[in-house]
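Report on one structure; see the data block that follows.
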Amino acid sequence: MNGVLTMSFLVGFFKVLAMALPVVTIAGLISPKYLRDPVSGAVPRRRAIIIWGTIGSILSVVVLIALVPKAPSPPTLPQTAALPESTPSASEPIAAAVDLKKGPKDYKSLGITPEVFRMRFNKEMTKVNGDYKLAEFDIDQGEVYDAFDRTLGTGIAIVGTVNKVDGSIRELMVIVGGGDASHTLRSIAFLLAATKAVNPDAPAKENGSTVIEMTRFALANLETPKSIERTVGKLEYTASASHSTGLMFAISSH
């Protein structure tokens, strides 16, 4: 997937999983029908729910602990890297302030900071549902890239990696949990808000039709997951879905 599924994304994914599994387990114990097998229609027993829910929660926490890197020493930028001469304000895109040719060899950027993305996303979501607004992100420090993640409602999360050289978002992923992946309209609302926030110059009609096409393709292949990739403007979209991971929609630059 063109390097989108980096270590930081895995950390964010298992963090969401570790928080969601206990909630799903409790909901299943209250009403097992919520965990009905979508293929066979079988409803699991409460004993199986508590056993597998507990095991899954413990394993996700163990994997998360194993993935989280140790506290890094102050980062040393490559000799070819150069900080922008001036730091752009949080309310403006940073693309114009960054000379891409002077960045690290593997430099990729969506051209905006997490704060700019948050404000743009909230503006787009307000048009649909004002209840789903993002609070300010907490940026987690990593060895190679920094990262952030945030859950929105039940089973929906946004995970992003951040370039250390300039604080711009490197890659972004929207994850719609397995329980909600079939709610196509709700999923598309979040995806449209996220893609419009990072890709505002792309024609709205092209962006919308591409997101819908990719979402439908991914959800139609839940049984035998297949990824689909499309280029919209200057950015690349990748989508895939399965019963275990739900819908995963990644956004990155060329």
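Every number in this text was worked out from the coordinates using simple rules, so none of it is lab data. All values derive from a computational prediction rather than experimental measurement. When we count neighbours, we look across all protein chains shown, and the Cβ atoms used for this are built from the backbone with ideal geometry, even at glycine.
For the reader, a short list of remarks on this structure follows.
- Met173, Met119, Met125 arranged by Cβ crowding within 10 Å, fewest neighbours leading: Met119, Met125, Met173
- Label separation (Glu229 vs Asn129): 3.2 nm, computed from points 7 Å beyond Cα along the C-beta direction.
- Per-peptide average of other Cβ atoms within 10 Å, ordering 220-233, 237-250, 202-215 highest first: 237-250, 202-215, 220-233
- Multiplying the residue separation of Ala42 and Ile212 by 0.36 nm and subtracting their alpha-carbon distance yields 58.1 nm.
- With the simple spin-label model, which puts each label point 7 Å out from Cα in the Cβ direction, the Gln141 to Asp201 separation comes to 3.4 nm.
- Charge tally in the Cβ shell below 11 Å around Ile228, where Lys, Arg are +1 and Asp, Glu are -1, Ile228 excluded: +1
- Listed pairs Lys127/Lys226; Lys164/Lys234; Lys123/Lys234 exceeding 24 Å between Cα atoms: Lys127/Lys226
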